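The values are calculated or read from the model by the stated rules, or taken from the named source; none is laboratory data. Please read these numbers as outputs of a predicted model, since none were measured by experiment. Methodologically, a virtual Cβ is constructed for each residue, glycine included, from the backbone with ideal geometry; neighbour enumeration extends over all protein chains shown. What goes into the accessible areas is simple: the full protein's heavy atoms, side chains included, and nothing from ligands, DNA or RNA. Shrake-Rupley method; radii C 1.70, N 1.55, O 1.52, S 1.80 Å.
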Amino acid sequence: MENQSITQRRFESRTAIVTGAARGIGSGIAERLADEGCRIACWDIDCSSLETGGDSFAALVQAVDLADARSVEAAFAVTLKSFGHVDILVNNAGINGPVVPIQDYPVDAWNRVLAVDLNSVFHTCRLACHTCADVARDASSTWRRSSARKDIRTFALMPQRRRVSSV
């Protein structure tokens, strides 16, 4: 029983950024991390469903256009100022484009999907890795750079491959 309470608070004193945290899987991830003691910076383009304080899992809520490097940099700076460090990065945000035949697919929509679903992961990971290097430099001599990099967790949700059975 004692071991269970330790596991439930395994992220105590950790800080996580969860992108796409306003709804769906991102909200569930953020809530679970918060339940286990993590301070959560919720990033989403539309934060109207998120609150801070009280019973909310969000310690910090920021409207961020993840496709825009400057918006991500500004949000990251606010997160660092608020918490001092980032330990966990959950790249969950993503969008769907229009469901149309390829010949009718608008180029602008394609570019927006790539910007949100691909470029945003680069923008956030690039900044998170810098933070880990800073933590490693400032930490005690027993902590090596390589182990500090392992402390940042980047999650990607990947669809499972389906097996096609032959008849």
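Using the structure shown, decide if residue 68 is more than 29 Å from residue 35 (Cβ to Cβ) and surrounded by fewer than 21 Cβ atoms within 10 Å (Cβ to Cβ). Yes: the conditions hold for residue 68. When 47, 125 are checked against the criterion of being more than 21 Å from residue 12 (Cα to Cα) and at pLDDT 90 or above, a single residue qualifies: 125. A single entry from 86, 100 fulfils the requirement of being in contact with a helix residue (DSSP H, G or I) (Cβ under 6 Å, 6 or more places away or on another chain), over 14 Å from residue 44 (Cα atoms) and aliphatic (A, V, I, L, M): 86. Please indicate, with yes or no, whether at least one residue in the stretch 14-36 is at pLDDT below 85, open to solvent by 80 Å² or more (accessible area, probe 1.4 Å) and either in contact with a strand residue (DSSP E or B) (Cβ under 6 Å, 6 or more places away or on another chain) or not in a helix (DSSP H, G or I) (or both). No, the stretch 14-36 has no match at all. The single condition from (1) modelled with pLDDT under 95; (2) closer than 24 Å to residue 31 by Cβ; (3) in a helix (DSSP H, G or I) that residue 76 fails is (1). Residue 67 falls short of the stated requirement of being in contact with a helix residue (DSSP H, G or I) (Cβ under 8 Å, 6 or more places away or on another chain), in a strand (DSSP E or B) and either of a type in the set (Gly, Ala, Ser) or in contact (Cβ under 8 Å) with a residue 60 or more places away in the chain (or both). Within the stretch 80-115, take every residue that is under 16 Å from residue 22 (Cβ atoms) and within 15 Å of the chain's Cα centre (by Cα) and give me the one that is least open to solvent (accessible area, probe 1.4 Å). If we take residues in the stretch 80-115 being under 16 Å from residue 22 (Cβ atoms) and within 15 Å of the chain's Cα centre (by Cα), then 90 is least open to solvent (accessible area, probe 1.4 Å).
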